[in-house]
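Comments concern the structure below.
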Amino acid sequence: MKLILGKKIGMSQIFDKKENVIPVTVIEAGPCFVTQIKSQDKNNYSAVQIGYEKLKDKKISKSKKKKPYRYLREIRLDNSKKFKIGNEITVDVFEEGDLVKISGISKGKGFQGVVKRHGFSGGPASHGHRHVLRTPGSIGSAFPQRVVKGKKMPGHAGAKRVTTTGLKVVKVDKENNLLAVKGAIPGPNNGLVEIKSQ
């Protein structure tokens, strides 16, 4: 499995050989370093921990001296024996045309109503309905005399882990550690993302 950590730079567009416009998200990916390996024999599951963005000496606290990275992420694999501690992972593990899945923390939207949070249609907009335009409507009845768990209601929206699958790698820039992926990916600009092959 191919994997790497990176930062979302933003969206752009490039042209293919037929001069068609392709919307892409540019990601600064790696270099990452393998900091820990977990195997089925010792830990009952197989995974690799990788570090991204090495800290400067001034910013390294005592607790981070062994692993001086801003980001550490553990990624589960079928077989972690292919990796060794200290291995460097760069963007050249990916090739143009590869299909990847990208995970990140989506943009936080604060406290939102049901229309924005869950896509409710809202009430009628004609005369006499001013007070029901964006309300959720009835949330229960005589039985079970409480609000059922999981009821779609207003609340905090966004800021959750989201994974987008089936994204195509359009371009790999090895010199600048950049990946161009077709389409949009979760999270704000400069947000951390995990990139894995499908």
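Points worth noting:
- Taking region 3-22 as the range and being in contact with a Lys or Arg (Cβ under 7 Å, 6 or more places away or on another chain) and either farther than 15 Å from Arg76 by Cβ or in a loop (DSSP other than H, G, I, E, B) (or both) as the test, the residues that pass are Ile14, Ile22.
- Flag for Ala159 being among the small types (Gly, Ala, Ser), surrounded by 11 or more Cβ atoms within 10 Å (Cβ to Cβ) and outside any loop (DSSP other than H, G, I, E, B): no
- Residues in region 23-60 that are modelled with pLDDT of 90 or more and not in a strand (DSSP E or B): 1 in all.
- Region 125-153 residues that are under 17 Å from Gln112 (Cβ atoms) and assigned by TED's automatic domain parsing to the domain that holds Gly113, paired with ones that are among the hydrophobic types (A, V, I, L, M, F, W, C) and outside any loop (DSSP other than H, G, I, E, B) (beta carbon under 6 Å, 6 or more apart): Arg134/Val115; Pro136/Val114
- Only listed residue being surrounded by fewer than 14 Cβ atoms within 10 Å (Cβ to Cβ) and either of a type in the set (Val, Ile, Thr) or touching an Asp or Glu at 6+ places or on another chain (Cβ under 8 Å) (or both), chosen from Ile105, Ile75, Ile85, Ile89: Ile85
The values are calculated or read from the model by the stated rules, or taken from the named source; none is laboratory data. Just so you know, these numbers come straight off a predicted model, no measurement behind them. Glycine gets a Cβ as well: all are built from the backbone with ideal geometry, and neighbour counts include every protein chain shown.
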